[in-house]
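Peer 1: Have a look at this one.
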Amino acid sequence: MKNMDPAKVELIRMAAEQTAGKSGKDLAPVMLALITGANRQGIRFTPDEVTLILEILKKGKNKKEQSQIDRMMQMTSSIFQKYQK
């Protein structure tokens with residue numbers, strides 16, 4: 001994250017705060033809001049950055065919640081990809 005745009009880092013920090021204590025199934029709307037909000041500001045996340053964001057959001061979650069996050073991202077991947085272009 002050292003070389004990442006400070007605006008992206010701030011958006012990721014805000015998303016991490018919004019997801020604190022939430023279960024895996026509640027993270028997809030937060031991710032969508034993060035990406036669409038960034039999109040409105042002209043910021044695009046690379047696939048590697050999205051992966052990093054997911055790893056941050058999964059941190060501290062149990063295996064079941066991490067699996068939920070992965071499933072939600074798979075189910076909504078077409079939406080996220082639309083906003084990454």
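The values are calculated or read from the model by the stated rules, or taken from the named source; none is laboratory data. Owing to the predicted nature of the structure, the values given are computational and were not obtained by experimental measurement. In this analysis, Cβ positions are derived from the backbone assuming ideal geometry, glycine residues included, and neighbour counts consider all displayed protein chains. Ligands, DNA and RNA are excluded from the accessible area calculation, which covers all protein heavy atoms including side chains. Shrake-Rupley method; radii C 1.70, N 1.55, O 1.52, S 1.80 Å.
Peer 1: I'm trying to understand the selection: among the residues of region 32-71, which are open to solvent by 80 Å² or more (accessible area, probe 1.4 Å) and not in a helix (DSSP H, G or I)?
Peer 2: At the first step, the residues of region 32-71 found to be open to solvent by 80 Å² or more (accessible area, probe 1.4 Å) are 40-41, 44, 47-48, 55, 59-60, 62-64, 71.
Answer for region 32-71, where residues must be open to solvent by 80 Å² or more (accessible area, probe 1.4 Å) and not in a helix (DSSP H, G or I): 41, 44, 59, 60, 62.
Peer 1: Still on this model: Quick one: count up the residues across region 1-15 that are surrounded by fewer than 16 Cβ atoms within 10 Å (Cβ to Cβ) and within 13 Å of the chain's Cα centre (by Cα).
Peer 2: 4
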